1. Say the dipole of the chain comes from +1 at the beta carbon of Lys and Arg and -1 at that of Asp and Glu; which of ALA105, PHE252, ALA72 then lies farthest toward its positive end?
2. For the range 44-129, what does the relative contact order come out to in percent, with C-alpha contacts under 8 Å and a separation of six or more?
3. If you build a Gaussian network model of the chain, linking Cα atoms that sit under 10 Å apart, which residue out of ASN264, ASN288, ASN321 swings the most?
4. Just want the ordering: TYR10, TYR23, TYR273, from fewest to most Cβ atoms lying within 10 Å of their own Cβ.
5. Quick one: Cα centre-to-centre distance for the range 241-299 and the range 18-69, in angstrom?
6. List the pairs from LYS189/LYS313; LYS69/LYS313; LYS231/LYS313; LYS53/LYS313 whose alpha-carbon separation is above 20 Å, in the order I gave them.
7. Take the Cα radius of gyration of the chain and divide it by 2.2 N^0.38 Å, with N its residue count; two decimals is plenty.
8. Can you tell me, using C-alpha contacts under 8 Å and at least 6 residues apart, the relative contact order of the range 216-312 as a whole percent?
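Every read-out reported here was derived from the displayed coordinates using simple, explicitly stated rules and does not represent laboratory data. In this text the structure is predicted, and so the values were computed from the model without any measurement. A quick note on method: Cβ atoms are made from the backbone with ideal geometry, for glycine too, and the neighbour counts reach across all protein chains shown.
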Amino acid sequence: MPRSLDTRCYWKASEWRSFLLLYSAVVLKDMLPSVYYNHWLLLVFAIYNMHQKSVKLDILHDCELALNKFVAQVPQLYGDEQVSYNVHLLVHIVQCVRNWGPLWATSAFVFEDANRLLLPLMHGTRQVSKQVFSNFLKSRQLNGVAQQYFSEKTDEAASKLLKKLSNFRVPCTRAIRFEGDVVALGHGKQSQLTVDELLAVEAFTGNVLAANAVLRFSRVIVNGMIVHTAKYACKFKRNDSFVTLRNLSGVFALHSCIVLPQTNYLLFIFCRYLVQSVQARSSEIGCNLLQHLWKGHQTTNLVVCTSQDIISKCIGVRSHNGSLHCLQLPFFELD
C-alpha cells in the first residue's frame, strides 16, 4: 500500500503503480474536480486492462482510444509545459502490447527486484563487479549444500546463518500442508464453531456435526495466493481477505479457515458482500471506464467452500464516506 499522499515525492515506482491501478479511482473521487477525475480515469482504465493475464483485441482498441484522449486533453487541463516525453509515450503503449503482450510481460520491475539480491553481495567500493560475481558463485554453492543437508529440523541459528550467507529459503517451521495443495501458516488454535458457522458448515457438508470443536488458522496459501482472515488482516495496511468464488456472484471476505475433527483438509468460511458496478461511462470511448470496480455491501450470509472454489484475489478500498469498493487484482510480473 502506498505511503501518505503527503510523501508522494518519495514514492517508488511500485507505489505509483499501486496508486494508479488499485486506489486512485476511489480516493480521488471526492478530491478532484469532475473534469480532472474523468480525465484521470482514462489512464486508469487503459493501464489496468493492459495488466491482465491476456488482453482481448476489442479491449485493446478501447485502451488506445482512452490513452489518445488522455494525452490530447493534457495541454488544456495542465498546460503545454506538462506534455512531456513520458506523456507522449503513452500513445505508443498499445502498439507495444500488440507486439509483445501485456505490460507485465515487458516490465522492468523484475530486473529491479533482482537488485535486492545483488546489493548484499557487495561489501566495498573497489572491484564491485568482481565482488558481486565471486559472492554470487559462493552463494550458489551454499544453496547446493543446503538443499542436501538442511530440513525443517535444522537448528534455528544455523538456518539464520545460511539465510544470511546465501539466498536459500529455509523451510518454514510453522506451516502445515493439507489436501488440495493448501498450506496453513502459523499455529492452529482450537476453538468452538459459533451457531452461524455451525449451520453454514452443516449446510455445506450435508451432515450434522457430532461436535463443534475445530482447529482454526488465520493465514493460508491457496492456489499460489496468500489469503488472510478479515480479522487478521485488519491489523495491517494490506488486506488479503477478499476473493471471488466459483459459481457465486459478489465478493467474499475470509471469515475463518477450519479443520474438522478426523479430516485432513481445510474448509473456508466466507462472509458475502453483494456488489454493484461503479459507473463512469465515457461517450467517446463507448464503455464504462470503471467496469472493473464494484461497490460492496456486507451481508450476514456465511458461505463455506473448499480451495477449489477460490478463483482470484480482490482488494478492498474504503472511500472517504466509509463505503467499500472492491476490484480484482491485475496481473503483475512477479505473480
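1. ALA105
2. The value is 28 percent.
3. ASN321
4. Values: TYR10 9, TYR23 16, TYR273 21.
So the ranking, lowest neighbour count to highest, is TYR10, TYR23, TYR273.
5. 21
6. Exceeds cut-off: LYS189/LYS313; LYS69/LYS313.
7. For the chain, the normalised Cα radius of gyration is 1.19.
8. Relative contact order for the range 216-312 comes out at 25 percent.
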